[in-house]
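Structure first, commentary second.
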Amino acid sequence: MNTAGHPEATARRGLELTPFRGLRYDPDRVGSLAAVTSPPYDVVVRPDGLHQLQSNDPYNIVRLILPQATTPAERNEQAARTLRGWLSEGILTADPEPGLYVYEQRDGAGLLQRGIIGTLLLSEPSEGVVLPHEDVMPHVVADRAALMRATSANLEPLLLTYRGNGSESVTTTAIERMAGQPPLLATTTEDGYSHRLWSITDPSEVARIRSDLGRHQALIADGHHRWATYRRLRAEHASPSPWDHGLVLLVDTARYPLRVRAIHRLLHGVPVARSLALLDGLFRVQRLDVPLAEALDALADSACAGNAFVLAGDGAFHLVDRPDPDLLSRTVPTDRPTAWRTLDATVLHATLLAHVWHIPEDDPARIAYIHDTAATVEKAERDGGTAVLMHPVREEVVRDLARQGVTMPRKSTSFGPKPASGLVLRALDV
């Protein structure tokens, strides 16, 4: 990403990361650090996952990121009261010195991811510093903005990636040196991931890291709605202000490659039989009486040749592929690059949702976006809806489109592992 003529080389400025005084749980005041963490707000499978997390510990972070009340205003006020209460009780305390936080995740299968958490100066897309790759849903941005306004806090970091020069960079050297020291915290969550956190507070080392990161641009891997929320809230406050920055985790994928997975769709109240009937003559449909893993293998094989999906919800799996070329030519916009026009997510949104099934992509009463494959199928079977299972997009396709300023359809990708929520928070008035 540092080659001549590349957008990163010509950006007016690079990433401007700033240390902050993180809010962290006092381990002596909670049952366990694992019991108070949560996946990011949009990964929690509601209501089952939400209820489970709430019952894990009375101080679980979901009470802040997904407050429960009758109205949105009541939910946000409840989150604000909860945060104030936890601060006054010492459940959450601010670290004594500002720092950049080194964060490590491991799983039992050999995955290791390390990155650095700080507050990033916000920028406009035209500046080429932070590249979005997906569109956002306005109602989600409005919801997150109301919550951040009420709490005056960044409750969970976004996941951003950049391409450094691997193990030779100043930032990676600092990260890996810290990883050899005793951490501020260490815990293992129910999903089998272990998490460790350190703080870099030495001003000279912080300055070297900031200078190193200042030569790079980043891709939003996870958190498009929260990034859009940061930018909306910055516009509401006179600069300079704490709202000029937002909480992020930066990962160098040249050193620590991320996994890219699909985000699936659940069509509420649409039986599989109806979804399939509307595809007659437009796609090839094959019934697969096989387990989920084999259905996903069939999807992967078919996706190599063209657009493909698996529909589920009636106890079987249905491979949907080989769309009619005339249908695509009528429904897929032609004003974008070929790589965008041939995305499965593009065909799903432009062709299936808009023209075949007539389901608005941003209506939560009609469609849900779920990261977990098995959970999507289970909810479809339980509720009588249709699960639309997707095949993941390669990271290089995502990055290339983002460099061209082309955004993918909403919820096209799921980069991971995602940072656990609840390990370090940011209060804007600390």
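The values are calculated or read from the model by the stated rules, or taken from the named source; none is laboratory data. All values reported here derive from a predicted model rather than from experimental measurement. Backbone-built Cβ (ideal geometry, glycine too); neighbour counts: all protein chains shown. Heavy atoms of the whole protein, side chains included, go into the accessibility calculation; ligands, DNA and RNA do not. Shrake-Rupley method; radii C 1.70, N 1.55, O 1.52, S 1.80 Å.
Please label the shape of the range 142-285 as rounded, prolate or oblate, based on the square roots a ≥ b ≥ c of the eigenvalues of the alpha-carbon gyration tensor (a/c under 1.5 means rounded; beyond that, a/b larger than b/c means prolate, else oblate). Show your work: numbers first, answer last.
On the way: a/c = 2.19, a/b = 1.58, b/c = 1.39.
Judged from the Cα gyration tensor, the range 142-285 comes out prolate (a/c at least 1.5, a/b above b/c).
Using a cutoff of 8 angstrom between alpha carbon atoms and counting only pairs six or more residues apart, the relative contact order for the chain works out to 24 percent. Which one of S275, S241, S194 has the biggest mean-square fluctuation once the chain is modelled by GNM with Cα springs under 10 Å? So, out of S275, S241, S194, the one fluctuating most is S241. Out of (1) 51, 24, 20; (2) 67, 21, 15; (3) 36, 26, 20, which label holds the value of semi-axes √(5λ) of the Cα gyration tensor in Å that was computed here? For semi-axes √(5λ) of the Cα gyration tensor in Å, the calculated option is (3).
Note on V430 and A179: the extension gain reaches 87.7 nm, defined as 0.36 nm multiplied by sequence separation minus the Cα-Cα distance.
Please compute the net charge surrounding T151, taking Lys and Arg as +1 and Asp and Glu as -1 over other residues with Cβ under 10 Å from its Cβ. Here the charged neighbours net out to +2. Once C-alpha pairs closer than 8 Å and six or more residues apart are averaged by separation and normalised to the residue number of the range 284-430, the relative contact order reads 25 percent. Out of V43, V170, V290, any idea which swings most in a Gaussian network model of the chain, alpha carbons joined below 10 Å? Maximum among the listed residues: V290. Please check: in the Gaussian network model of the chain (C-alpha springs, under 10 Å), which one of A80, A186, A238 has the largest mean-square fluctuation. Most flexible of the set in this elastic network: A238. Looking at the range 156-202, the pairs of alpha carbons with a distance over 18 Å make up 48% of the total. Using a probe of 1.4 angstrom and keeping all protein chains present, the accessible surface of the chain works out to 41 square angstrom per residue. Each Lys or Arg adds one and each Asp or Glu takes one away; over the other residues whose Cβ falls under 12 Å from the Cβ of R114, this sums to +1. Full extension of the segment from E124 to C304, taken as 0.36 nm per residue of separation minus the current Cα-Cα distance, would add 61.3 nm. Looking at the range 130-283 alone, DSSP beta bridges between its own residues are antiparallel in about 50 percent of cases. The alpha carbons of the range 110-205 occupy a box of 43, 35, 31 Å along the principal axes, longest dimension given first. Within the shell of other residues whose beta carbon sits under 10 angstrom from the beta carbon of Y256, the net charge comes to 0, with Lys and Arg scored +1 and Asp and Glu -1.
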